[in-house]
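Here is the structure we will look at, set down as structure tokens.
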Amino acid sequence: MRLIIPESLLTTYLAAAAERPPASESVIPSVGVGDPTTDGDAAVLVATGDLGAWVETHRVVPTAGVATTGRVGIALGTPVRADMIDEPVVWLRDVSTTARLLVRATYERYYGTPVVGWTTTGEGAQVVVVEGVEALRPPETGFRDDVGRAWFILNGVPVVTHLLLVPMSADRPEVDEATRWVQETGGLDKERRRKARERLAAIAGIPAAELIEFLAAVRTTLEPSDLDAAKLIFQLARDPEHPTPSFAVVELLDALAEPDRVPDGTDE
Amino acid sequence: MIQVGIDTFVAAFPDAAGGMAIGGVEAMRQLLERIELADRGGLDVVGVGEHHRREFLDSAPAVILAAAAARTERLRLTSAVTVLSAADPVRVFESFATLDLISGGRAELVVGRGSFVEAFPLFGLDLHDYDELFTEKLDLLLAIRDNEHVRWTGRFRPPLTGQGVYPRPVQDPLPIWVGVGGTPRSFARAGALGLPLMVAVIGGETHRFAPLVALYREAGRRAGHPPERLTVGLHSLGYVAETTREAVEGFYPGYARTFTAIGKERGSPPVTRAGFDAQSGPTGALLVGSPEEVAAKILRHNDALGGISRVTFQMDTADLPHETLMRSIELLGTRVTPLLR
């Protein structure tokens, strides 16, 4: 089964692992962005905001994905402190749906002011949403606040940025193999992680120490409660264009396993 | 109804040059101004700690509270906490009974063993007797509260042979709470004595104290005390600003400095931003945020602990400027308190 891994700041290690030759034939990872119309037979690591597009063909694996309790690489850039802006218009500058949802879910509660307008052109905006390496760079002027920090303080749960999805038709060994691959970051060792960081640092112009701190807060094994955290992004964002999706979930083997029991009241 | 208050250690932190950023006179003037505002602004209680350290000017809480009594009309005035282990209960009672007279019946005591230990060598006490000292002195303090003339013998103080202890307070009985940290035995003791409990939660997650609070209530029930007597208060580090962003970013630098310094003395690692963020979250101990977020958090803690009657904000350990603290007190009175009633 193919396993598609998107390239992003938070999936740096996963993408680096996916570029290596596959260790087994049952899961063949590659870097890219999946398409629900053509990748119905592939496992996909999907950005949480894009989950809705996959619910017809895929199930969610509740134990693998990408989550962080630190910065998330989605930030607000403002000329003054964001909570000093009275009637903010927010520019969603080429950002992902996840970024859009996270900003919607946090802005008013954290900064105390409702957003009066959203724009994709920048017109009239005092707040710009930036994503990826730019979100980690210190601003040349003004302020830059990572949204992940606000989310965590407000909700006490991690930001779940990606979920592992498997085709409805995938069998148990395939699901397990894909799950393991994501949880173990494709077996990427310390040295290869360092190289991946260095490559990114060189491209992005961010100090390696900054990237170490950022990536250290990222985990790829999810807890069952993390699915609720993923749903919470949609619920709090209340974005009419992206309602909370209903999705099928792969049942956990532990939950299915029945322990051997001796019924009460028998003669044994 | 949850009463809302502020606690203070009268912090006066050193500046970069090692001197005091503001002098003691100014620190006291500012503190009394904040207490006056709390009184006018609808808060219910002010607590003054007791330390014997350079950076906290609260070694004589009853004196500070007496000054506060003269400038306020409504606020309950309490210690937070009186380090009873290191004090003479007769003198403690006399001071707070006097405060009760000055304030027209608004004095209270929260007594505890103390989380700092400077008082022990200062007053010639042995830290090995940490708990026994408290047990014995609390026994004497309660005896004095309940009886004008006391016959009492103990290990750490000369006996009382029926002498009177004066003045007698306006309130009968003078409210005496037990301040506790995370020691189960302390919770059980307070319950068994039927004394109100003030739980200091300055780190971790508040709901994790629920089993200890249940232990307190169970010990009280077994000792035959009615549930309404077994009240629970919560003391936490806190700071309210107009927005959560302002509160968090404003509180963190001073908090990190103070608790990293305290941690160094106690062998704890430095404060990290990630740890601070976690504790600022919905279930964390820090009551830091916008009025609405903080009120919601207090109500969550109230549910988790099976009902609290009082919450107090320790605000001055983060080295925030006086004007900022004034604004925070105003927000507590005008925007947090109404949400809790």
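Any read-out appearing in this document is the output of simple, stated calculations on the displayed coordinates, not a laboratory observation. Keep in mind that what you see is a predicted model, and the values were worked out from it rather than measured. Here the Cβ is made from the backbone with ideal geometry for all residues, glycine too, and neighbour counts use every protein chain on show.
What's the long-distance tail for the stretch B:185-341, i.e. % of Cα pairs beyond 28 Å? Display every interim value, and only then the final one.
Working: 3115 of 12246 pairs.
Here the tail beyond 28 Å accounts for 25 percent of pairs.
Taking the Cα centre of the protein assembly as shown as the origin, how large is its charge dipole in debye, to the nearest 20, when only Lys and Arg (+1) and Asp and Glu (-1) carry charge on their Cβ atoms? Walk me through the intermediate numbers first.
Numbers: 60 positive and 81 negative charges, 342 e Å.
Around 1640 debye, computed over the protein assembly as shown.
Hey, what angle do you get for helix B:244-266 against the long axis of chain B, alpha-carbon based, 0 to 90 degrees rounded to 10?
Long axis of B:244-266 versus the principal axis of chain B: about 50 degrees.
Quick one: which of A:205-215, B:239-249 comes out on top by average Cβ neighbours within 10 Å, and what's the full order, highest first? Intermediate values should be presented prior to the final figure.
Numbers: A:205-215: 15.3, B:239-249: 24.2.
Per-residue Cβ counts within 10 Å, averaged per peptide and sorted highest first, yield B:239-249, A:205-215.
What are the principal axis extents of the Cα atoms in the stretch A:148-244, in Å, biggest first?
Principal-axis extents of the stretch A:148-244 (Cα, largest first): 39, 38, 24 Å.
What do you get for GluC sites (Glu not before Pro) in the stretch B:61-135 restricted to DSSP loop and a cutoff of at most 13 other Cβ within 10 Å of the site's Cβ?
Values: sites: B:Glu73, B:Glu94, B:Glu108, B:Glu118, B:Glu132; in loops: B:Glu73, B:Glu118.
Filter output for the stretch B:61-135: B:Glu73.
Ranked from highest to lowest mean number of other Cβ atoms within 10 Å per residue, what is the order of the peptides B:164-172, A:218-226, A:177-185?
Numbers: B:164-172: 14.4, A:218-226: 18.0, A:177-185: 21.6.
Averaged packing, sorted descending, gives the order A:177-185, A:218-226, B:164-172.
Counting partner chain Cβ atoms within 10 Å of every residue's Cβ in B:245-254, what's the average? Provide the component values of the computation, followed by the final result.
Working: counts 14, 7, 2, 5, 5, 0, 0, 0, 0, 0.
Average per residue, whole number: 3.
Working only with C-alpha atoms, what are the Rg and Dmax values of the stretch B:3-340, expressed in angstrom?
Values for the stretch B:3-340 (Cα only, Rg and Dmax): 19.2, 59 Å.
For the stretch A:122-143 and the stretch B:156-172, what is the separation of their Cα centres, given in Å?
Computed from Cα coordinates, the inter-centre distance equals 67 Å.
Using every alpha carbon pair in the stretch A:1-107, what percent of pairs falls into each 10 Å bin from 0 up to the bin containing the largest distance?
Per 10 Å bin, starting at zero, the Cα-Cα P(r) for the stretch A:1-107 comes out as 12, 37, 30, 14, 6, 1 percent.
Indicate the gyration tensor shape class of the stretch A:74-155 (rounded, prolate or oblate), computed on the Cα atoms with a ≥ b ≥ c the square roots of the eigenvalues: a/c under 1.5 is rounded; otherwise a/b larger than b/c is prolate and the rest oblate. Don't jump to the answer; show the numbers that get you there.
On the way: a/c = 1.13, a/b = 1.00, b/c = 1.13.
In terms of gyration-tensor shape, rounded.
Taking the Cα centre of the protein assembly as shown as the origin and placing charges on Cβ (Lys, Arg +1; Asp, Glu -1), which of A:Ala178, A:Ser8, B:Val92 is farthest toward the positive end of the dipole?
B:Val92
How large is the Rg to Rh ratio of chain A when both quantities use alpha carbon positions and Rh follows Kirkwood?
Working: Rg = 20.2 Å, Rh = 19.6 Å.
In chain A, Rg relative to Rh is 1.03.
For the stretch A:111-167, compute Rh as the Kirkwood radius over C-alpha pairs and then the Stokes-Einstein diffusion coefficient at 4 °C and 1.567 mPa s; write the answer in µm²/s, rounded to an integer.
Values: Rh = 14.2 Å.
Answer from the Stokes-Einstein relation: 91 µm²/s.
Rule-of-thumb check for the stretch A:47-196: C-alpha Rg over 2.2 N^0.38 Å? Walk me through the numbers on the way to the answer.
Working: Rg = 17.9 Å, N = 150, 2.2 N^0.38 = 14.8 Å.
Normalised by 2.2 N^0.38 Å, the Cα Rg of the stretch A:47-196 equals 1.21.
Averaged across the residues of B:237-244, what count of C-beta atoms belonging to other chains lies within 10 Å of each residue's C-beta?
3
So what's the back-of-envelope 222 nm ellipticity for chain A, counting only DSSP H runs of four-plus at -39500 (n - 2.57) apiece and dividing by all residues, rounded to 500?
Details: 9 runs with 89 residues, N = 268.
After summing the helix terms and dividing by the residues of chain A, the value is -9500 deg cm²/dmol.
In peptide A:101-113, how many Cβ atoms from other protein chains are near each Cβ within 10 Å, on average? Don't skip to the answer; put the middle values down first.
Numbers: counts 0, 0, 0, 0, 0, 2, 0, 1, 7, 8, 6, 10, 2.
Across A:101-113, the average partner-chain Cβ count within 10 Å equals 3.
Which value, in Å³ per residue, describes the convex hull spanned by the Cα atoms of the protein assembly as shown? Spell out each step's value before the answer.
Values: hull volume 131.4 nm³, N = 609.
Dividing the Cα hull volume of the protein assembly as shown by its residues yields 216 Å³.
Students often check this: by mean Cβ neighbours within 10 Å, which of A:145-155, A:118-128 ranks highest, and how do the rest follow?
On the way: A:145-155: 23.9, A:118-128: 15.0.
Averaged packing, sorted descending, gives the order A:145-155, A:118-128.
Give me the distance between the Cα centres of the stretch B:47-105 and the stretch B:113-144, rounded to whole Å.
17
Please give me, ordered by residue number, the GluC sites (Glu not before Pro) of the stretch A:1-61 that lie in loop per DSSP and have at most 10 other Cβ atoms within 10 Å. Mind dumping the intermediate values first?
Details: sites: A:Glu7, A:Glu19, A:Glu25, A:Glu56; in loops: A:Glu7, A:Glu19, A:Glu25, A:Glu56.
When the GluC sites (Glu not before Pro) of the stretch A:1-61 are filtered for loop state and at most 10 Cβ neighbours within 10 Å, A:Glu25 remain.
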